[in-house]
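Please read the structure below before turning to the comments.
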């Protein structure tokens, strides 16, 4: 890694509010990259190429990369993924834009994070608003689905059961109680008053069953709406998968934290794509944001299990569990209007 790259990293990190608030002086050196660091940029570009070939109805196969053709990976941009697109189109912008309803619908969807669960709920209870909510009304179809063998939770996140906090032996009942608690606290109003993304994140983090990774992910989802309007370059929280990917990309982080490294990647993306000889087609003029770079570290962790099996991360995982299965249901792509993208 060049000295210029080290200087750019230091400049990027110094602009972070989190680092500005630290009083401890940490001696940093140049991060030492591995071959996975190179694959990070090539993976991002090729995954984005696949995205554009899909939305342009190009006949497959969409890539010559055998790993990308065999296994399931998320898009380079988080908001482009199928679940995020459903959240945007059907959940956030598919109903009342009142703050309480935006918050209620978004959190209800994200706690299960499963399209089929949302569709089942809307069939059973009708239009989903906070004013027509009752525990019995929403709990009944969820319980019925579980008892009939239906999986109502996505496997994307590990959701704590919440039994110690809310007392039920059934996870979904505790999550309904969690939403009720948030609504009683008028959390949606507190988020609107938050003066920074980190402050909003900490408001969500204080609730039972919600750890640092989930709090950040939920905030990103809420921020797709008009409830809040934070810059996605303002703040980032690395998840376990991202930490694994960072460990594979860097032999030595040079004293920088995982959040520092993610910010560095966002700041140096243009020069690195050029340096590695790949053309990256951004999202209609929108560069990779911190959340996207964070997610890409999760994906490169998985990709490297096959592409670079000799480089181990933190978890020691060696297999990619999910295979690629084409989904033929078309997506009507939309992104937050406030992004001002011209599709």
| note | Given (1) touching a helix residue (DSSP H, G or I) at 6+ places or on another chain (Cβ under 8 Å); (2) in the same structural domain as residue 114 (by TED's automatic domain parsing); (3) assigned to a loop (DSSP other than H, G, I, E, B), residue 195 misses just (1)
| field | Residues satisfying the stated conditions in the stretch 161-192, i.e. assigned to a loop (DSSP other than H, G, I, E, B) and either at pLDDT 95 or above or surrounded by fewer than 17 Cβ atoms within 10 Å (Cβ to Cβ) (or both) | value | 161, 167, 168, 169, 170, 185, 186
| note | Heads up, the helices (runs of 4 or more DSSP H) in the stretch 227-287 (entirely inside) with at least 1 residues that are closer than 17 Å to residue 216 by Cα and over 15 Å from the mean Cα position of the chain (by Cα) are 258-267
| query | Are any of the residues in the stretch 291-300 surrounded by 15 or more Cβ atoms within 10 Å (Cβ to Cβ) and over 21 Å from residue 78 (Cβ atoms)? | reply | no
| Residue check for residue 316: surrounded by fewer than 13 Cβ atoms within 10 Å (Cβ to Cβ) and farther than 21 Å from residue 78 by Cβ | yes
| query | Somewhere in the stretch 69-76, is a residue closer than 16 Å to residue 52 by Cα, in the same structural domain as residue 302 (by TED's automatic domain parsing) and not in a loop (DSSP other than H, G, I, E, B)? | reply | yes
| note | Subset of the stretch 44-92, residues more than 19 Å from the chain's Cα centre (by Cα), surrounded by fewer than 17 Cβ atoms within 10 Å (Cβ to Cβ) and touching a residue at least 12 places away in the same chain (Cβ under 8 Å), comes to 52, 55, 60, 63, 69, 70
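Determine whether residue 324 is more than 30 Å from residue 29 (Cα to Cα) and surrounded by 13 or more Cβ atoms within 10 Å (Cβ to Cβ).
Numbers: more than 30 Å from residue 29 (Cα to Cα): yes; surrounded by 13 or more Cβ atoms within 10 Å (Cβ to Cβ): yes.
So residue 324 fits the description; yes.
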| message | Any residue that is modelled with pLDDT of 95 or more, exposed (fewer than 13 other Cβ atoms within 10 Å of the Cβ) and not in a helix (DSSP H, G or I) - is there at least one of those in the stretch 137-148? | response | yes
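The values are calculated or read from the model by the stated rules, or taken from the named source; none is laboratory data. All values reported here derive from a predicted model rather than from experimental measurement. Virtual Cβ from ideal backbone geometry, glycine too; neighbours counted across all protein chains shown.
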